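The values are calculated or read from the model by the stated rules, or taken from the named source; none is laboratory data. Quantities reported herein were computed from a predicted structural model and do not represent experimental measurements. Counting neighbours? That spans all protein chains shown, and the Cβs are built from the backbone with ideal geometry, glycine included.
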Amino acid sequence: MEVLQLNEDADRIREVFTYINRFKGSTFVIKIDSSLMNHDYFPILVKDLALLKQNGINMVIIPGSRHQIDEILDTYGIKTEYHDNIRISPPEAIPFIKMAAFDVCNKIMTQLSAYHVSAVIGNWVRARSMGVVKGTDYLNTGKVNRVDGNSIRTILGEGHIPIFPCIGWSSTGEPFNVSSDELAVELGKTLHSKKIFFIENRNILDNMDLVIPQSVQRQENGRISKLTIPAAQELLASNEGTPLPIISLAVEAARAGVDRVHIVNGTTEGVILREIFSNLGVGTMVFANDYERIRPMESADTSAVLGLMKPLIEGGLLIPRSREDLAAKIRDYIVYAVDDVIHGCAALHQFEENQAEIAGLAVAPGYVELGIGQKMVTYLLEQGRSKDLEQIFVLTTQSSDWFLKMGFTAGSLEDLPPSKRDKYNRRRNSRILIFQL
């Protein structure tokens, strides 16, 4: 029995190290529900966040402040109302809303300092008034316009954790009370974060009378552990009368390029570590299947694809291609698109002797580190297998190390199909790499 326990412990340790290596250098967005700030496990949550930071994971933290704002406003006798679960913020309430929001941020910053983790609170959020919606004037309640991604990345690069109060400022310096949940999604999109965590005060999908579509699978204990974007959308459509705002925001973030959105119960000890370092997790994860973002190229994509290729052509990494070239082989091309914005392209050109070439691989600047190139190549290798090809090759001048890491091996001119061998550009002298299917 003791040997079995030791083996299980060793397997768990291996699993943890695998995930640490995978996420080191990545950025997580952490949104914490306001009701958790006084919970017994809150100091443990902060300790776990500090541990993640000390092990190479960058993060930004957005603490919710609704409960603290209610307490401050009540103390000073200021009344506010809610409409559709959104606070209507009169101008006279804003100084006290700011007081509560910054106080919560300071509480987190103070607790992080106990673990020698540096944090910074700042005004990196631009906002505008919500205005009047269906007859309701939301006064100084605002919507997030944008966040200052460059400043935030600089702060992360210096080793600090940025903490965001639920306050945004207009271009003229007017403050607005903004949604912490919406701010978390905007940060996830701007920073291209690997993960967004919504740390709630309960399991949000439990104890609800929901219609569960067939595409949504429950575990034996009833928990919905994973939702693809289509499954999440079907869940929302099947429960139109039941508000599920976090699921809607999770879908928005996943569609915009955030790899995983996790919704977990912060009243459970060690919840964020258990969610990250376990294949099964303990919450609900909304995610985009990478293949859902990869689709065949269309004629309307030509300008965007040429734009992606241009700097690589100028740098000598790709051979020149014209609109006519793309049109002639459009069926060979795929694109990686997020919300119809193209961030990558590649082609699989088939030759005789059950061989094909991966060519025209390009990824938009700013998205290179997100693994889009690897996802497209993996997709094309799978396409090759489905077509019963035996071998896929690439010709590259400056990316051989990258392809070798993906499992390609060095080849020679004799490995190419005859029609490609005859057209090999000896002046360009590309390296030949082979992948056996």
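Observations on the model:
- Residue in region 306-322 that is among the hydroxyl-bearing types (Ser, Thr, Tyr) and surrounded by 13 or more Cβ atoms within 10 Å (Cβ to Cβ) present: no
- Looking at Ala232, Ala237, just one residue is buried (at least 21 other Cβ atoms within 10 Å of the Cβ), out of contact with any Pro (no Cβ under 7 Å at 6 or more places or on another chain), not in a loop (DSSP other than H, G, I, E, B) and not hydroxyl-bearing (Ser, Thr, Tyr), and that residue is Ala232.
- Every pair of residues 6+ apart whose Cβ atoms lie under 9 Å, when the first sits in region 394-415 and is in a strand (DSSP E or B) while the second is surrounded by 12 or more Cβ atoms within 10 Å (Cβ to Cβ) and of a type in the set (Ser, Thr, Tyr): Val394/Ser400; Val394/Ser430; Leu395/Tyr424; Leu395/Ser430; Thr396/Ser430; Ala410/Ser400
- Pairing residues of region 129-158 that are farther than 14 Å from Pro175 by Cα with residues that are of a type in the set (Phe, Trp, Tyr), at Cβ distances under 6 Å and at least 6 apart in sequence or on separate chains, gives Val147/Trp124; Asp148/Trp124; Ser151/Trp124; Ile152/Trp124.
- Residue match in region 359-369 (condition: more than 24 Å from the chain's Cα centre (by Cα) and either closer than 22 Å to Met309 by Cα or surrounded by fewer than 15 Cβ atoms within 10 Å (Cβ to Cβ) (or both)): yes
- Residue match in region 240-250 (condition: under 24 Å from Ile61 (Cβ atoms), touching a strand residue (DSSP E or B) at 6+ places or on another chain (Cβ under 9 Å), surrounded by fewer than 22 Cβ atoms within 10 Å (Cβ to Cβ) and touching a residue at least 60 places away in the same chain (Cβ under 8 Å)): yes
- Checking the stated criteria, Asp40 turns out to be surrounded by fewer than 17 Cβ atoms within 10 Å (Cβ to Cβ) and assigned to a loop (DSSP other than H, G, I, E, B).
- Hits in region 256-282 - residues which are surrounded by fewer than 18 Cβ atoms within 10 Å (Cβ to Cβ) and either within 10 Å of the chain's Cα centre (by Cα) or not assigned by TED's automatic domain parsing to the domain that holds Ile199 (or both): Ala256
- Conditions (1) out of contact with any strand residue (DSSP E or B) (no Cβ under 6 Å at 6 or more places or on another chain); (2) among the acidic types (Asp, Glu); (3) within 30 Å of Val251 (Cβ to Cβ): number failed by Glu324: (3)
To keep it simple, each residue is scored yes or no on (1) under 30 Å from Gln54 (Cα atoms); (2) of a type outside the set (A, V, I, L, M, F, W, C).
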{"position": "Tyr76", "(1), (2)": "no, yes"}
{"position": "Pro90", "(1), (2)": "no, yes"}
{"position": "Phe96", "(1), (2)": "no, no"}
{"position": "Leu112", "(1), (2)": "yes, no"}
{"position": "Arg128", "(1), (2)": "no, yes"}
{"position": "Gly135", "(1), (2)": "no, yes"}
{"position": "Ile161", "(1), (2)": "yes, no"}
{"position": "Asn177", "(1), (2)": "no, yes"}
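- Taking the numbered list (1) buried (at least 16 other Cβ atoms within 10 Å of the Cβ); (2) of a type in the set (A, V, I, L, M, F, W, C); (3) in contact with a helix residue (DSSP H, G or I) (Cβ under 9 Å, 6 or more places away or on another chain) in turn, Val341 passes all entries but (1).
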